[in-house]
1. Go through (1) in contact with a helix residue (DSSP H, G or I) (Cβ under 7 Å, 6 or more places away or on another chain); (2) assigned to a loop (DSSP other than H, G, I, E, B); (3) within 14 Å of chain B (Cβ to nearest Cβ) for A:Leu383 and report which single condition fails.
2. Select from region A:369-380 the residues that are within 7 Å of another protein chain (Cβ to nearest Cβ) and touching a residue at least 40 places away in the same chain (Cβ under 8 Å) and list them in ascending order.
3. Within region B:177-190, work out how many residues are surrounded by fewer than 12 Cβ atoms within 10 Å (Cβ to Cβ) and either in contact with a Gly (Cβ under 6 Å, 6 or more places away or on another chain) or among the aliphatic types (A, V, I, L, M) (or both).
4. Within the group A:Phe234, A:Phe264, which residue is within 14 Å of another protein chain (Cβ to nearest Cβ), of a type in the set (Phe, Trp, Tyr) and surrounded by 19 or more Cβ atoms within 10 Å (Cβ to Cβ)?
5. Within region B:112-166, can you find the residues that are charged (D, E, K, R) and closer than 23 Å to A:Val394 by Cα?
6. Are any of the residues in region B:183-198 part of a helix (DSSP H, G or I), under 20 Å from B:Ile23 (Cα atoms) and either within 14 Å of chain A (Cβ to nearest Cβ) or out of contact with any Cys (no Cβ under 6 Å at 6 or more places or on another chain) (or both)?
7. Can you confirm whether A:Leu351 is over 30 Å from A:Asn498 (Cβ atoms), among the hydrophobic types (A, V, I, L, M, F, W, C) and modelled with pLDDT of 90 or more?
8. I'd like the residue in region B:29-55 that is more than 14 Å from chain A (Cβ to nearest Cβ) and among the aliphatic types (A, V, I, L, M) and, out of all such residues, is farthest from B:Pro230 (Cα to Cα).
Amino acid sequence: MSGLTTGAGVILKGNRLNARTITAAALLFGALAAGPVRAQDFDADATINIGSLYEPQNLDNTAGAGQGINEAFNNNVYEALFRLADSGAVEPVLAKSYKVSDDGLTYTFTLQSGVKFHSGDPLTSKDVKFSIERVTSAESKSSRKNSLKPIASIETPDDATVVVKLSSRSISLPYNLSYVWIINDTATNLTATEDGTGPYELEDWRRGSSLALTRFDGYWGTKPSNGDVVFQYFTEATALNNALLTGSVDIITSVQSPDSLKQFQTNKDFTVAEGKSTTKLLLAYNDRVAPFDNVKVRKALARAVDDSKVLKAVWGDYGTLIGSMVPPTDPWYVDLTKTDAYDPASAKALLSEAGYPNGFSFTIDTPNYDPHPIAAQFLQTELAKVGVKVSINVITANEWYSKIYKAHDFQATLQEHVNHRDIVFYGNPDFYWGYNNPKVVDLIKQAEAGTTTDEQTTKLKEANQIIADDAASNWIYLYPQIVVSAKSVSGYPVNGLNSQFFAGGIKKAD
Amino acid sequence: MTDMDLVNAVSEGRPRRSWTFTIGAVIVGLHLLVGLSTLFWTPYDPSAMSGGRLEVPSFEHLAGTDRLGRDLFTLIMIGSRIALTVGIGAVIIGGLIGITIGLIAAFASKTLDDMLAAGLDILIAFPTLLLAMLIVASSEGASLGTAIIAIGIANSAIVARLTRILAKRVLAMDYITASRISGTTWLGVVIIHILPNIWPTLLVNLALQFGLAVIAEASLSYLGLGAPPPNASWGRLLQEAQGTVYSAPFGAIAPGIALVSLVIGINLLADGLRDIADPTRRRRS
């Protein structure tokens, strides 16, 4: 990577310039250069074909549709009061402005005017109330349901105003509301159809193959810089790569292995962009059971593993080392990679102090898909060097969910955690890994009840420092987020935050 | 009688007319030798990260290295041992269960025979791999042992059906009746008449089952249902090399060659056995 990754992500190798720079430069030179050069260098009615491995199960994000629905629909078909921008910032969308009462328990949102649903109905406060209540309802399977628990009531004094009353302070409310799609309150059959306010409306969904979106002419905001967007779904990465090579897709949203990248990096017709992801690979111990209830043991294991080697093995020159659960895109990121850095000698010493001079044995439950098995073998080899014997038990994703996530029947497990802002899981002693430090629980609670984001950031930084010092889990690395596209396409988001993929800004050259 | 011909062919050192048998025996023997040698020696420690990431084949690393920098040649050698262990284990289990059930069916009353035959047909209708997956999934975690048992049970149905048919054919012979009249017990009939008459055909079939077992083990390991890591099964090596097939194709080719060569070797061996055991074929050549 050689220091190339800064800010929101840069374009690598195949194209040494930032896409925006190219566009700007092209516009500039287009105006200056002699000859028949168009002022606009892209086709405003182009169809953008996006290749993805994540087909949604259905079209409703409160009905267990999977991450694919966020990719296709967030801010493309549905909008929320706020959105999590590609930079990680929370920006207002359908909420024009909002006020918070002094006690932090009443939020008053003023809605954008002139917003229309795809069915033609205007957006009113009743739609917002309906939409939030859909997510918090008993039937909802939304993963963010818990975060919206503080909402006590929603009032709609007039069509443009929504008043949300909370039972306790929740500084993340705007952030959490970015997960709540605003849906027309008369809409039905939302698992197969849609009625949102986004720049695109659903044209056609062919299950198992593609999801076609077309520009919504009544859109209230900035018009998309393309005409249609088609998400093409693949079940296999090689087929997806070939589709890009042969031109049947323009973009791959998220490349899952560095080794298929070579063919694009060496080819001038493609652009390889690396952004920031929120997906972390971690070895989570069951902190309830011996010997993992002992901080010294956990610290020793953290020091025994050279994370940079496994990152290199799995991702080549991509990816980032992390020292805790918080990725650099979060405001409460602190560089903790030096905490319990690789040091096998001190790992051995710590094990002796903890009462295991001859090491011990334990089993790592390992999901059966890449990169878990190879990472598990690496850990097995590394830990053997300090006398700790590891057995690997390969399990399926379903087994992981029932055995580990629900039954907590494990010693240690490897797992990738994709969620954004998931440090809060360490504040829940009932979570699968059973980490229970009252100080952290309290700090995370205080952070949520904070009056300013600064206060929230300070508290979460402190919590972050403690979980790292406690070696609550062994954070191995942060995945890279790699988007590959045809050279003619630009303006797509490079960061894979919350698996979103905003299509509105994508431009395709003529 | 067919059995005596094979025995003669082997024991009297008569020049074998089956070159397929020779080639097959050499290939399988080579794998056996390599597999056994890994018990005492390998070029590198199989878990040692002795090279860089995805190195190409060189004198230091004859088959290159994997993503963790482990020597692939070492892993493939160990893979021979695992493949042969599973093959032999599965054939022993499949043979014991299959021959026993087959003989019982052959001797049983019509009703029991029909039931067993129908049961075997149902079992055979299941793809071997699916059956093995069901057995592995219902046991406590995948291991080399569960893979052997699963593949063995899946194979036993085919062996049982064949044994049943072969034994029935022998049982219909007049000399069996004669033997029974002269006071031979049923067990005696099995040992004196049936097994000697059917074992050449069974042996060929078991050899083919061996090849299928090796493939089934590789498939199970490929799916993550075989021996858990770090057991270097060829199927798992193939699976791990899948993602890097563009940048390091040899990582997938090398275990592929090993697997194909062993299976071809076994099939040649089985072919050769049949040539030697089958009188109609021998007369032609």
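The values are calculated or read from the model by the stated rules, or taken from the named source; none is laboratory data. Keep in mind it's a predicted model, so treat the numbers as computed, not measured. Neighbour counts are summed over all protein chains in view; Cβ atoms, including those assigned to glycine, are modelled from backbone coordinates with ideal geometry.
1. (2)
2. Residues satisfying the conditions are A:Asp370, A:Ile374, A:Phe378.
3. Of the residues in that region, 3 qualify.
4. Testing whether each residue is within 14 Å of another protein chain (Cβ to nearest Cβ), of a type in the set (Phe, Trp, Tyr) and surrounded by 19 or more Cβ atoms within 10 Å (Cβ to Cβ) leaves just A:Phe264.
5. B:Glu140
6. The answer is no, given that none of the residues of region B:183-198 is part of a helix (DSSP H, G or I), under 20 Å from B:Ile23 (Cα atoms) and either within 14 Å of chain A (Cβ to nearest Cβ) or out of contact with any Cys (no Cβ under 6 Å at 6 or more places or on another chain) (or both).
7. The answer is yes for A:Leu351.
8. Among those that are more than 14 Å from chain A (Cβ to nearest Cβ) and among the aliphatic types (A, V, I, L, M), it is B:Leu30.
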